[in-house]
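Let me begin by presenting the structure, written as structure tokens, before commenting on it.
All of the numbers you see were taken from the coordinates with simple rules; none came from a lab. Note that this is a predicted model, so its numbers are computed, not measured. FYI the Cβ positions are ideal-geometry reconstructions off the backbone, even for glycines, and counts take in every protein chain you see.
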């Protein structure tokens, strides 16, 4: 069932889509929520566990206050109300990867509530932001379908849940919300939001109702979506499925469904006849957490510029185009790198061009993030200055940048070692031009017969002869004069 019917508005004239999201975010702490075990990803299975996160009898949890601080940073960014006290509770249910048979979470008195995020000039409400511990991870055997293994390394990692109000009105809006939320969370450095590593996960609730109805329709919950694109596609599929059922006078069942990436469809996982009774009660081993106004004020000072604020400042301060600003501010570390480079070389437009067209291309090719770029902003600025002042050519500049990656040397050291200083002397360039003209009579004839592209070929031959050191602008000027 494709989602074209939503896009062409056939059903939307009759029905309204209502979507709410539950986003789980693993926090950037070095230790777990209630013990000192490491949160490092990718370690050997069950190598980062202790009696506390393994749920052994007689163990006591100790609250990680860094997780509280990161939760408050998020709540402030999402314009939430932060109470003076929050309470942790036990959420009781049995699942193989939940070692204690209950999860320490929050319920009636969460860390924060009643917030919003502006998406495309629309306020989408945030019902709550609360903290809890993550579960273990089931690993299903490929050799035996009846065997599943459990890795408890993830058990106890600090998890933040962000629950929206049912105010999202389309799959596309849901995707836009998630993209903006991810950008905010990475900017304030509370999570790396890496969906591939499971540090950001999303469940979506969707219902459909006639436009003239005041009551919400029967909702379904969708799980197992591993990208924002998948969230949009899964919601589109479910919206169409609901609309087809209602249009044929069939009932929608309240159920949980799984998104199948291969078939691009959802499949029923379990029917929900009624809400689960998790038997919440206050966690007896963790006292209520009191949050003073002074604490909130101190944490707010650590947030810094949000993406929208930085975009506006970059546009005004550096006089960059809207597109360039959007690319550079897409990640905090990238924006930081640009600003530091621009502080060493005061030509922001040139810095922006080199950053986007050259440096990011090399980083992508080498599969390196800007966070681990081996070239410092100061050294990158030196390279840009050498090219901009025509001490080396742009072609040589790219070669130098690649060598900087490999050797760790500065641009000036490489230029000196390889004798790459640009040839500016007109007499020397003229000598090279005459040699190229004499050696490429066919290209000269083509140019005189009206083939303009022959000039580019001849300039390239001069650059090759000079090992990329001839000034290309002067080379072309001299070449055209000699071809008259």
**Q.** Protection-proxy order for peptides 213-221, 454-462, each taking the mean of Cβ atoms within 10 Å per residue, highest first
**A.** 454-462, 213-221
Q) Where does helix 377-388 land angle-wise versus the long Cα axis of the chain, in degrees 0 to 90, nearest 10? A) 30 degrees
Q | Segment residue 84-residue 323, extension gain: residue separation times 0.36 nm, minus the distance between their alpha carbons | A | 81.8 nm
Q) Quick one: what does P(r) look like for the stretch 307-418 with 5 Å bins over all Cα pairs, in whole %? A) 2, 12, 25, 24, 19, 11, 5, 2, 0
**Q.** Calculated on alpha-carbon atoms, Rg and Dmax of the chain in Å
**A.** 29.6, 93
Q | Contact order normalised by residue count of the stretch 426-482, Cα under 8 Å, 6+ apart, percent | A | 44 percent
Q. Which of rounded, prolate, oblate describes the stretch 24-126, given a ≥ b ≥ c as roots of the alpha-carbon gyration tensor eigenvalues and a/c under 1.5 marking rounded, otherwise prolate only if a/b is larger than b/c?
A. prolate
(Q) What is the distance in Å between the Cα centroid of the stretch 94-142 and that of the stretch 426-473? (A) 66 Å
Q: Give the calculated FRET efficiency between residue 340 and residue 30 to the nearest 0.05, with a Förster radius of 35 Å applied to their Cβ-Cβ distance.
A: 0.85
Q. If you line up the long axis of helix 228-247 against the longest principal axis of the chain, both from Cα atoms, how many degrees apart are they, to the nearest 10?
A. 50 degrees
Q: For residue 480 paired with residue 114, estimate the spin-label separation in nm (one decimal), with each label point 7 Å from Cα along the Cα-to-Cβ line.
A: 6.9 nm
Q: Can you tell me the 0 to 90 degree angle between the C-alpha axis of helix 307-318 and the longest principal axis of the chain, rounded to 10?
A: 20 degrees
(Q) What does the C-alpha gyration tensor say about the overall shape of the stretch 125-248? Classify as rounded when a/c is under 1.5, otherwise prolate if a/b is larger than b/c, or oblate. (A) oblate
Q. How many percent of all Cα-Cα pairs in the stretch 426-482 sit more than 15 Å apart?
A. 37 percent
Q | the stretch 351-484: relative contact order in percent, alpha carbon pairs under 8 Å with at least 6 residues between | A | 23 percent
(Q) I need to check one value: relative contact order of the chain, counting alpha carbon pairs closer than 8 Å and at least 6 residues apart, in percent. (A) 14 percent
Q) In nanometres, what is the gap between the two model label sites at residue 285 and residue 150, each 7 Å from Cα along Cα-to-Cβ? A) 1.6 nm
Q) Okay, helix-only estimate at 222 nm for the chain: each DSSP H run of n ≥ 4 adds -39500 (n - 2.57), divide by all residues, round to 500 deg cm²/dmol; what do you get? A) -11500 deg cm²/dmol
Q) Rounded, prolate or oblate: which fits the stretch 310-365 when a ≥ b ≥ c are the square roots of the eigenvalues of the alpha-carbon gyration tensor, with rounded for a/c under 1.5 and prolate only if a/b beats b/c? A) prolate
Q. By how many nm would the segment from residue 315 to residue 93 lengthen if fully extended, with 0.36 nm per residue of separation less the alpha-carbon distance?
A. 74.8 nm
